[in-house]
Amino acid sequence: MKVLVMHGSKRKNGNTGILAGEFIRGAEEAGHQVERIELGDMNFGDCLGCMACWKNPGKCVQKDDMTAVLEKFGQADAIVFASPMYFFSWTSLMKRGIDRLYPYMTIAKDKTFYLITAGGVPEAKLFDNMLQDFQKYVECFNMHGGENNRNGGHILGKGALAPGNVKETVAMQEAYEMGKNLGKN
């Protein structure tokens, strides 16, 4: 499988980045081709809401660093959104990256989406808002012409507030196993 990991944090090696690394390690060991994109290193604007991409599916009128990401998104079988949880939701960087995937809303087919997130909160229920947003986002790809796109699951790095302390959680093994078992469920 071709896997695209979109990391939406300015801290490449923060808790979410560490979990994404474990996912990638498992996926590569299983023979999958993985590419990790650091949204924080990219120069791209907000979605303009112009809808030109619906007339020219898969293409955005803006010519910035997201052009290459859109191409990789189109070729990927699995998409991983790796974002820390800020105020019970995506980082603004991740949300901006997600919004720019709008050109594939009408043509995405047979993609499996995964969420990897870490946050300082100790309970899974405090991630509910982010999980609901993620599920609704995946559903959008099936509402407007896309088909057979699905939610592959999520990893929650609970209680991961201090830098690196996600390494002490069960989420590390869960992220590795999710990557290792891509395409098996």
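A 1.4 Å probe, protein heavy atoms only, puts the accessible area of Thr169 near 40 Å².
Amide H to amide H distances under 5 Å link Asn149 with Asp110, Lys111, where only residues 5 or more positions off or on other chains count and H is placed in the peptide plane.
Per-residue Karplus couplings for region 4-15, computed as 6.51 cos²θ - 1.76 cosθ + 1.60 with θ equal to phi - 60°, are listed in order as 10, 9, 9, 9, x, 9, 6, 9, 4, 10, x, 4 Hz, Gly and Pro entered as x. Maximal additional length on extending the Glu177-Glu147 stretch stands at 8.1 nm, based on 0.36 nm per residue less the C-alpha distance. Remark: the chain projects, on average over all directions, an area of 9.5 nm² (convex hull of Cα atoms).
3J(HN,Hα) couplings calculated from phi for region 39-50 with the Karplus curve 6.51 cos²θ - 1.76 cosθ + 1.60 (θ = phi - 60°) are, in sequence order, 4, x, 8, 9, 10, 8, x, 6, 4, 7, x, 7 Hz; Gly and Pro show x. The modelled label-to-label distance between Lys55 and Glu123, using points 7 Å beyond Cα along the C-beta direction, is 5.1 nm.
Computed packing ranks the peptides 96-102, 135-141 as 96-102, 135-141, most packed first, by mean other Cβ atoms within 10 Å.
The values are calculated or read from the model by the stated rules, or taken from the named source; none is laboratory data. Everything numeric in this text was worked out from a predicted model, so none of it was measured. Ideal geometry is used to build each Cβ from the backbone, glycine not excepted, and the neighbour counts take in all protein chains shown. Surface accessibility is based on the protein's heavy atoms, side chains included, excluding ligands, DNA and RNA. Shrake-Rupley method; radii C 1.70, N 1.55, O 1.52, S 1.80 Å.
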